[in-house]
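*Asks:* Take this structure, written in structure tokens, and hold onto it; I'll ask about it next.
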Amino acid sequence: MDTFLSGLRHAIWLLVHLDPIVVEVTLRTLQVSGTATLVASFVGILVGTYLAQARFPGRRLLVSLVNTGMGLPPVVVGLFVALMLWRSGPLGQLRLIYTPAAMVIAQAIIATPIVTGVSIAAIQQLDPRLRLQLLGLGASRGQAALLLWWEARRSLLAAAMAGFGGAVSEVGASIMVGGNIAGQTRVLTTATVLETSKGNFDTAMALGILLLFLSFSIMLGATWLQQSGRGDR
Amino acid sequence: MGYSLLLLFLVLTACATPATPASPSLPANPEVILATTTSTQDSGLLDVLVPDFEAKTGYRIKVIAVGTGAALAMGQRGDADVLFVHAPAAEMELLASGDAVDRRPVMHNDFIIVGPENDPAGIRGTVKAADAFRKIAQAQDLFLSRGDDSGTHQTELALWKEAGLTPAGAWYQESGQGMGATLKIASEKGAYTLTDRATYLTMRASLDLVLLLEGDETLYNIYHVMVVNPEKHPGVNYEGATAFADYLTSPEVQRVIREYGKDRFGQPLFFPAAGKPEP
């Protein structure tokens, strides 16, 4: 309990003083997980829309694979990406290992199935006749897709939020492919791990609280956007 | 709290040193990957040395802190440029295989056996580490092993061998984690464990573990720096790696190592070893 309280105090202290290192780690966390979420949302919403509407043999198998992917263990993703990106690996020439780009790749792989899975459900919840009607009224496939996305915008925003949650909270892949290097690839989760192993439990707690606060602020904004235009607040 | 704040402040100010080099001549290939042990990072030593090295030379060091076993494996694959490790027998294998060259001693300290204050196996006062291990095994008191092929784990296994025992059973548990995490688990469980002195001193304030055995010569813990061989692994940054090895063994840095930790723990965490004859 002492650690918890001193961690809380410490978190407030770090926040109030805008400690430069903490600010830098927080900004990198946003940058890495934000970019990964953008990539995952782009791929996930496109693939999810396609899988929700297309009819072809093996579709159910693919959807099952996506749903399995929603629970991809981050360490497995991290190991796979590291094996690819290590200098001795097939993509070693790209020199991406231990860079923020490598972390974006790993987090995007973790978040994409989450966005895809929620997007499939979002599009399928729309009335199937809507798309037929749009096409019947002469909309091109692209126009029809845009209108469907607009109709499903709240659910699709929820898909992106879930993807961001998956990306920002994982630590196994980030530490493996990023290396937790100070000033380069250290993010809030990996810094928390490091401070814990150093025995600085209140600093670790403070970083954890900052991460929660960061997630909360972003989700608050997204939820406000999502719920605006509805009767309640 | 005040102590932790001070520690954080020290670490942060150490990290806050601008990474932009002061020297006008930027190295052609500035990125250097350093594979090292958890103890050099958890003790905070690298937070002091790495920013200083970067500011002086313009190199950018990527510190990958893993167990010595994993660090040596990174060297063996050519995934790191320079290794800063503490498992002499395993290091010699890398020299023999030609994966690493230019091995130099940097610093030493010692391993110690720590455990719960009440010392249920009664190892307090024992001189030989292997004898203490035998007592723990006979009493079947909880012993926490790193179990991660780190330098500390390799030393621990050598001690069990010296004791003529193969540890197994419910009393012998493996954490599979770094030294800091292992000490914390040992403290929570009231277990014995083998640790390097630096990590123990760094964490002592948050542990319910006391020092029970020290001073046995088999507990000598020496850290070497090695450069990954560019002839076997053409992709490595040999110039950058050598520059870091030169830096670690320079008289100036050896002085920094000798002073490091004195202000906080009343004793140094590491002792300089560069250029000294090896036992």
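*Asks:* Let me confirm something: among B:253, B:210, B:227, which residue is open to solvent by less than 10 Å² (accessible area, probe 1.4 Å), within 30 Å of residue A:204 (Cβ to Cβ), touching a residue at least 60 places away in the same chain (Cβ under 8 Å) and away from chain A (no Cβ under 13 Å)?
*Replies:* Being open to solvent by less than 10 Å² (accessible area, probe 1.4 Å), within 30 Å of residue A:204 (Cβ to Cβ), touching a residue at least 60 places away in the same chain (Cβ under 8 Å) and away from chain A (no Cβ under 13 Å) holds for just one of B:253, B:210, B:227, which is B:253.
*Asks:* List pairs: first residue in the range A:170-186 and in contact (Cβ under 8 Å) with a residue 40 or more places away in the chain and open to solvent by less than 30 Å² (accessible area, probe 1.4 Å), second residue among the β-branched types (Val, Ile, Thr) and assigned to a loop (DSSP other than H, G, I, E, B) anywhere in the structure, Cβ distance under 7 angstrom, at least six positions apart or on different chains.
*Replies:* Filtered contacts from the range A:170-186: A:174/A:187; A:177/A:97; A:178/A:185; A:179/A:185; A:185/A:99.
*Asks:* Quick check on my filter: what residues within the range B:51-63 are touching a strand residue (DSSP E or B) at 6+ places or on another chain (Cβ under 7 Å), open to solvent by 10 Å² or more (accessible area, probe 1.4 Å), outside any loop (DSSP other than H, G, I, E, B) and not basic (Lys, Arg)?
*Replies:* Matches in the range B:51-63: B:54, B:63.
*Asks:* Which one of these is in a helix (DSSP H, G or I) and either among the basic types (Lys, Arg) or over 25 Å from residue A:79 (Cα atoms) (or both): B:74, B:107, B:92?
*Replies:* Answer to the selection: B:92.
*Asks:* Just checking, does the range B:79-92 include any residue being within 12 Å of chain A (Cβ to nearest Cβ), under 21 Å from the mean Cα position of the chain (by Cα) and more than 16 Å from residue B:243 (Cβ to Cβ)?
*Replies:* Within the range B:79-92, one or more residues are within 12 Å of chain A (Cβ to nearest Cβ), under 21 Å from the mean Cα position of the chain (by Cα) and more than 16 Å from residue B:243 (Cβ to Cβ).
*Asks:* Now for a separate question. Which is in a helix (DSSP H, G or I) and open to solvent by 40 Å² or more (accessible area, probe 1.4 Å), of A:114, A:109?
*Replies:* After applying the criteria, what remains is A:109.
*Asks:* Let me ask something else about it. Name the residue that is most open to solvent (accessible area, probe 1.4 Å), counting only residues in the range B:168-207 that are assigned to a loop (DSSP other than H, G, I, E, B) and within 14 Å of chain A (Cβ to nearest Cβ).
*Replies:* Only one residue fits best here, namely B:177.
*Asks:* Taking into account only those residues within the range A:156-188 that are within 14 Å of another protein chain (Cβ to nearest Cβ) and either among the charged types (D, E, K, R) or in contact with an Asp or Glu (Cβ under 8 Å, 6 or more places away or on another chain) (or both), which is farthest from residue A:145 (Cα to Cα)?
*Replies:* A:182
The values are calculated or read from the model by the stated rules, or taken from the named source; none is laboratory data. Just so we're clear, the structure is a prediction, and the values are computed from it rather than from any experiment. All Cβ positions, glycine included, derive from the backbone under ideal geometry; neighbour counts span all protein chains shown. Keep in mind that these areas ignore ligands, DNA and RNA; they rest on the heavy atoms of the full protein, side chains included. Shrake-Rupley method; radii C 1.70, N 1.55, O 1.52, S 1.80 Å.
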